Amino acid sequence: MKKKVMPKNSEWTIELLKKYEREIAQIAEKFNLDTYRAQIEIITAEQMMDAYASTGMPIYYHHWSHGKQFLTIEKNYKRGHMGLAYEIVINSNPCIVYLLEENTMAMQILVLAHAAFGHNSFFKGNYLFHHWTSADAIIDYLVFAKKYISQCEERYGIDAVEEILDACHALMNHGVDRYRRSPQLSLQEEKARQTEREEFLQSQINAIWKTIPKSKKKSKEPEKRFPTDPEENLLYFIEKNAPLLETWQREVVRIVRKIAQYFYPQRQTKVMNEGWATFWHYTIMNELFEKKLINEPFMVEFLHHHTNVIYQPPFSHPHYNGLNPYTLGFSIFRDLQRICEEPTPEDKRWFPDIVNTNWVKTLDFAMRNFKDESFIAQFLSPKVIRDLKLFALADDEQKNELEISAIHNDAGYQYIRSTLAKQYDLSNIDPNIQVYNVDRRGDRTLTLRYYQSSQRPLSENAKEVIKHLYKLWGFPVKLETVSEEGSVILTNIHPEISS
Amino acid sequence: MPRFIDRRSQSRHKSAVNRQRFLRRFKAQVKKAVSNAISNRSISDIENGEKITIPTKDIREPHFHYGYGGKQEIILPGNQHFIVGDKIKRSPIQVDKNKSNASNEGEAEDAFDFQISTEEFLDLFFDDLELPNLTKTQILKTNAQKLIRAGFTIQGTPANINIIRSFRGAISRRLAHRGALKRRLNDLEMKLKKLTPNEENTFSISTLKKEIKQVKNRLKNIPFIDPFDLRYNNRVRQPRPTAQAVMFCIMDVSGSMDETKKDIAKRFFILLYLFLKRNYETIELVFIRHHTTAKEVPEQEFFYSKETGGTVVSSALELMRDIITHRYPASDWNIYGAQASDGDNWNNDSPRCRDILMHDIMPHVQYFAYVEIMARQPQSLWEVYQIVKESSKNFAMQPINHVRDIYPVLKNLFSRQHPAIPLATENLQ
């Protein structure tokens with residue numbers, strides 16, 4: 001007969017952690033959670049701060065901004081302004097999970113369920129992570145990046161490397177591909193080569209036509225822009241086209257770009273990822289409790305933490321700091337489960353495809369095939385909107401008053417849903433800035449275009465970013481704003497033309 | 001099956017490098033904060049770390065993002081009583097707040113502050129003093145030497161014979177010599193065996209036998225050990241940097257030295273001590289105070305006990321000389337002297353001070369610094385010390401008139417050494 005494990009007090013031991021891990025793994029199997037093998041590491045508070053400083057990665061190249069991050073965290077932590085996260089989990093294979101040694105036994109179980117099973121299965125299952133990251137290679141790549149950058153520092157000096165890194169970091173959010181690039185490119189190349197061949201053959205046949213003098217009109221045709229199509233991945237453009245960069249500098253640009261790309265899915269799935277992990281730690285803890293593997297005091301402690309995690313202060317609260325992704329994600333997943341099992345007439349109208357389906361399968365489908373934007377657009381139910389009392393507020397600079405445009409009623413659900421979905425669309429969070437043209441015949445000025453939406457201006461920082469871009473490009477950089485009506489205004493130029 | 005790893009004891013201080021990078025990058029700002037700290041707080045706790053504050057705007061990392069303005073629609077939670085169409089007045093504060101975060105979010109948001117450690121503080125502190133040059137030219141001057149092993153030689157004293165090496169040589173020599181002879185012996189013996197003893201062969205047999213005898217003799221005569229085999233341990237002398245230092249603090253405690261003057265003297269000693277501490281593993285301190293007679297005292301007594309009376313400086317210098325001869329031989333110790341006085345001295349004593357310094361002290365010490373605190377006018381001591389200064393390069397003197405002068409004076413004292421290097425090059429030309 002299986003021996004029951006029941007911790008007596010809140011002290012944890014590795015043995016006990018292993019036992020619980022096994023129990024949780026059984027529950028996870030029941031719910032078909034597919035995970036990478038986990039590597040669970042117990043770390044101290046200081047190590048946790050180290051991990052924080054390098055955006056959670058176990059290995060990262062050295063940079064002063066990480067030092068700044070570390071100092072900030074250290075200060076806040078030492079003064080008691082903030083607590084540390086209970087865990088950090090890394091999208092790698094094996095999936096690295098850091099547990100803080102200060103956690104109590106109940107916390108460690110919660111964290112195991114949350115990170116080693118929740119996040120882990122999300123990393124393995126979600127399409128964006130499949131598409132953009134390779135969990136098997138990331139640690140190796142970070143090792144390579146760290147080595148490469150420290151070699152560069154030895155060879156070219158810390159300052160030279162730092163300058164490039166600073167410039168790249170400023171463009172990091174605009175250094176990701178939103179669509180697959182390489183297969184398209186190779187196809188294009190193939191086609192280009194094919195046309196080349198065709199043309200060659202044609203020229204052999206029509207040799208006689210060569211003798212006819214060319215018309216002069218042709219040269220008057222406007223010069224083609226470069227790049228022919230606007231490029232939204234600024235770092236990619238720099239890496240491939242900046243004329244003055246040395247090989248090692250290009251490699252550094254590439255490293256920053258690759259890492260930015262690695263984090264791209266995480267930025268797009270904050271709500272889903274946290275919601276999914278929270279949903280699973282909640283479900284798993286309740287299963288453990290039902291199996292009598294944890295007792296009431298543990299459950300009370302767990303619920304206390306869980307409630308803290310999913311607390312959403314109302315907008316008027318002094319602690320209000322935006323929508324809590326844990327709350328939103330957890331509410332949506334929980335409600336999906338409810339819709340599958342106990343649908344109301346309202347749900348039947350809103351979600352005809354998923355009422356009375358197997359909730360495990362439905363949730364799995366939702367986890368695998370969406371990102372925050374589409375997930376909210378698809379699954380935010382009227383009940384969640386009511387529970388969270390969501391409302392839409394329109395803020396138009398031209399008007400003196402803010403206006404409530406929708407509240408949680410029949411007329412508003414759809415509107416709130418689509419507006420909230422847009423709010424999580426990264427292209428709405430990051431301004432749409434693209435490389436428009438390079439003055440190839442002139443002074444090689446690089447022109448960026450900011451395509452404005454909703455008349456929103458760029459922040460003052462743009463000036464500084466342009467300076468960084470200038471360092472990489474080596475020739476003047478111009479930023480133009482294209483308004484929705486199509487008019488083009490020069491916004492920034494560096495170096496400034498002295499009149 | 002997952003792996004559990006207890007990392008708690010491993011890889012600490014991962015961010016140390018990043019932290020250094022941060023300090024390096026903002027050195028100018030940090031330095032400024034450090035020099036402010038020096039002027040603001042008492043030197044007695046200068047060895048503690050320091051809180052550094054840097055304006056946030058200097059360390060910002062810019063990105064492209066939206067500024068305030070245009071049309072926006074946001075979803076907020078926790079609706080209490082709004083219905084569609086409600087209009088809310090835009091409060092002027094809200095606009096202001098969004099437009100410029102810096103202006104009214106409070107100073108706290110505007111400054112980035114953090115703590116630096118003692119070492120970092122001292123590094124920055126002395127970095128300003130521009131001492132590294134001195135460290136190379138003066139401080140690491142070495143007197144002591146040590147013997148270190150340096151392989152083997154073929155000459156030496158019998159005491160240094162290396163037995164193993166010598167025998168190894170002997171064996172190989174014997175093997176080498178014997179080999180050829182043994183082969184020859186074998187050949188000869190084989191030949192001898194082949195010859196049947198008859199009339200014809202008598203002659204050749206006897207020659208063979210003779211030859212065999214010769215070879216055997218030669219074999220026997222190979223010496224077991226030969227002078228040629230001998231190897232001796234070789235040792236060479238190598239200069240050894242002395243890692244220990246002694247610092248003499250000499251202070252006038254006569255009636256004319258009041259509390260303020262003593263305080264200045266103390267601060268000067270502390271700074272010098274801190275500086276030396278960065279360069280040596282161990283520093284011993286000797287406190288000598290004097291009025292008409294000199295006495296070696298513990299630190300507490302040195303600074304805080306009250307004395308009165310006249311002043312005979314030479315008594316202290318004599319004591320220092322004696323202590324050096326008895327306890328701190330110059331070959332083993334880096335000796336530093338620091339003297340603080342208000343310049344008063346019994347006039348007839350001053351020439352004597354000069355003599356002791358020039359003949360008995362200066363040749364042994366690395367450096368001797370004299371500060372004259374709030375002297376009313378140049379005194380006799382100052383004049384004779386000028387003579388000492390001209391004759392020895394490692395002697396320095398400075399007047400101090402105010403607490404705030406100490407730091408620049410220390411800087412001066414040490415930067416004085418710099419011209420010594422250009423001088424040398426001039427000579428070469």
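Rule-based calculations on the coordinates, nothing more; no lab input. The shown structure was predicted, so the numbers you read here are calculated from the model rather than taken from an experiment. We place every Cβ from the backbone using ideal geometry, glycine too, and count neighbours over all the protein chains shown.
For the range A:89-94, what does the Karplus curve 6.51 cos²θ - 1.76 cosθ + 1.60, with θ = phi - 60°, yield as ³J(HN,Hα) per residue in whole Hz, taken in order and with x for Gly and Pro?
10, 10, 6, 8, 10, x
Give, rounded to the nearest 20 debye, the magnitude of the charge dipole that the protein assembly as shown has about its Cα centre when Lys and Arg contribute +1 at Cβ and Asp and Glu contribute -1 at Cβ.
Magnitude of the dipole: close to 5180 debye.
Simple spin-label model, 7 Å along Cα-to-Cβ: B:Arg174 to A:Asn321 in nm?
8.6
Taking every Cα atom in the protein assembly as shown, find the radius of gyration and the maximum pairwise distance Dmax, and write them in Å.
Rg, Dmax (Cα atoms, Å): 41.7, 147.
Need one number: the % of Cα-Cα pairs in the range B:158-235 sitting beyond the 19 Å mark.
Working: 1594 of 3003 pairs.
I get 53 percent for the Cα pairs in the range B:158-235 exceeding 19 Å.
Counting other C-beta atoms within 10 Å, which of A:Tyr326, A:Tyr148 has the fewest, and how do the rest follow? Could the numbers behind the result be given before it?
Details: A:Tyr326 22, A:Tyr148 16.
The most exposed by this proxy come first: A:Tyr148, A:Tyr326.
Report the gain in length on full extension from B:Asn198 to B:Lys32: 0.36 nm times residue separation, minus Cα-Cα distance, nm rounded to one decimal. Don't skip to the end; give the middle numbers.
Working: separation 166, 0.36 × 166 = 59.76 nm, distance 11.32 nm.
Working it through step by step, the gained length comes to 48.4 nm.
Contact order normalised by length for the range B:158-235, with contacts defined as Cα pairs under 8 Å and 6 or more residues apart; what percent is it? Write down the numbers at each step before the final one.
Details: 52 pairs, mean separation 48.7, N = 78.
For the range B:158-235, the relative contact order is 62 percent.
Modelled label-to-label distance, A:Glu11 and B:Asp226, 7 Å Cα→beta-carbon offset: nm?
Rounded to a tenth, the inter-label distance reads 7.6 nm.
Of B:Lys146/B:Lys393; A:Lys146/B:Lys27; B:Lys146/B:Lys389; A:Lys258/A:Lys371; A:Lys478/B:Lys89, which pairs sit farther than 29 Å apart, going by alpha carbon to alpha carbon? Can you show the working numbers first?
Working: B:Lys146/B:Lys393 27 Å; A:Lys146/B:Lys27 24 Å; B:Lys146/B:Lys389 33 Å; A:Lys258/A:Lys371 20 Å; A:Lys478/B:Lys89 38 Å.
As for pairs spanning more than 29 Å Cα to Cα, those are B:Lys146/B:Lys389; A:Lys478/B:Lys89.
When the helices in chain A are scored as -39500 (n - 2.57) per DSSP H run of 4 or longer and the sum is shared across all residues, what 222 nm value do you end up with, to the nearest 500 deg cm²/dmol?
Values: 21 runs with 257 residues, N = 499.
The helix contribution divided over chain A gives -16000 deg cm²/dmol.
Please give the charge dipole size of the range A:366-499, origin at the Cα centre, charges +1 on K and R Cβ atoms and -1 on D and E Cβ atoms. Round to the nearest 20 debye.
Dipole of the range A:366-499, to the nearest 20 debye: 580 debye.
Using the Cα centre of the range B:158-235 as origin and beta-carbon charges of +1 (Lys, Arg) and -1 (Asp, Glu), tell me which of B:Ile222, B:Ser206, B:Ser172 is placed farthest towards the positive end of the dipole.
B:Ser172
Give me the percent relative contact order of the range A:310-428, please, defined on Cα pairs under 8 angstrom at least 6 residues apart. Walk me through the numbers on the way to the answer.
Values: 118 pairs, mean separation 22.6, N = 119.
Relative contact order, the range A:310-428: 19 percent.
How many Cβ atoms of partner chains, on average, are near each residue of A:276-289 if near means within 10 Å of its Cβ?
Values: counts 0, 0, 0, 0, 0, 0, 0, 0, 0, 0, 0, 0, 0, 0.
That average works out to 0.
Please arrange B:Lys295, A:Lys68 by counting, for each residue, the other beta carbons lying within 10 Å of its beta carbon, fewest first. The partial results should precede the final answer.
Values: B:Lys295 16, A:Lys68 22.
By the 10 Å Cβ count, ascending, the order reads B:Lys295, A:Lys68.
Averaging sequence separations of C-alpha pairs under 8 Å and six or more residues apart, then dividing by the length of chain A, give the relative contact order as a whole percent.
Details: 637 pairs, mean separation 74.0, N = 499.
It rounds to 15 percent for chain A.
What percentages make up the Cα-Cα pair-distance distribution of chain A when the bins are 10 Å wide from 0?
Reading upward from the zero bin: 3, 15, 23, 24, 18, 10, 4, 2, 1, 0.
Provide a whole-number value for the mean count of partner chain Cβ atoms within 10 Å of the Cβ atoms in peptide A:450-458. Working shown, then result.
Values: counts 1, 0, 2, 3, 6, 4, 8, 5, 5.
Averaged over the peptide's residues, the number is 4.
Ranking A:Asp410, A:Asp372 by Cβ neighbours within 10 Å, fewest first, what do you get?
Details: A:Asp410 8, A:Asp372 25.
Taking fewest neighbouring Cβ atoms as first place, the list is A:Asp410, A:Asp372.
Over 23 Å between C-alpha atoms is what I'm after, so list which of B:Lys31/B:Lys262; A:Lys68/B:Lys57; A:Lys68/B:Lys51 land there.
Working: B:Lys31/B:Lys262 29 Å; A:Lys68/B:Lys57 13 Å; A:Lys68/B:Lys51 14 Å.
Cα-Cα > 23 Å for B:Lys31/B:Lys262; rest within.
Counting partner chain Cβ atoms within 10 Å of every residue's Cβ in B:51-62, what's the average?
3
If you put +1 on each Lys and Arg Cβ and -1 on each Asp and Glu Cβ, how big is the dipole of chain A around its Cα centre, in Debye rounded to 20? Present the calculation step by step, with values, prior to reporting the outcome.
On the way: 62 positive and 66 negative charges, 263 e Å.
Rounded to the nearest 20 debye, it is 1260 debye.
Apply the Karplus curve 6.51 cos²θ - 1.76 cosθ + 1.60, θ = phi - 60°, to the phi angles in the range B:177-182 and return the couplings in whole Hz, x for Gly and Pro.
After applying 6.51 cos²θ - 1.76 cosθ + 1.60, I find 5, 5, x, 4, 5, 4 Hz.
Can you give the convex hull volume per residue for the Cα atoms of the range A:101-190, as a whole number of Å³? Provide the component values of the computation, followed by the final result.
Working: hull volume 17.2 nm³, N = 90.
Per-residue hull volume (Cα only) is 191 Å³.
DSSP loop (so not H, G, I, E, B), at most 13 other Cβ within 10 Å: list which GluC sites (Glu not before Pro) in the range B:146-248 pass both filters.
B:Glu199, B:Glu200
Return the sequence-ordered ³J(HN,Hα) values of the range A:379-385 in whole Hz as given by the Karplus equation 6.51 cos²θ - 1.76 cosθ + 1.60 applied to θ = phi - 60°, using x for Gly and Pro.
10, 5, 8, x, 5, 5, 4
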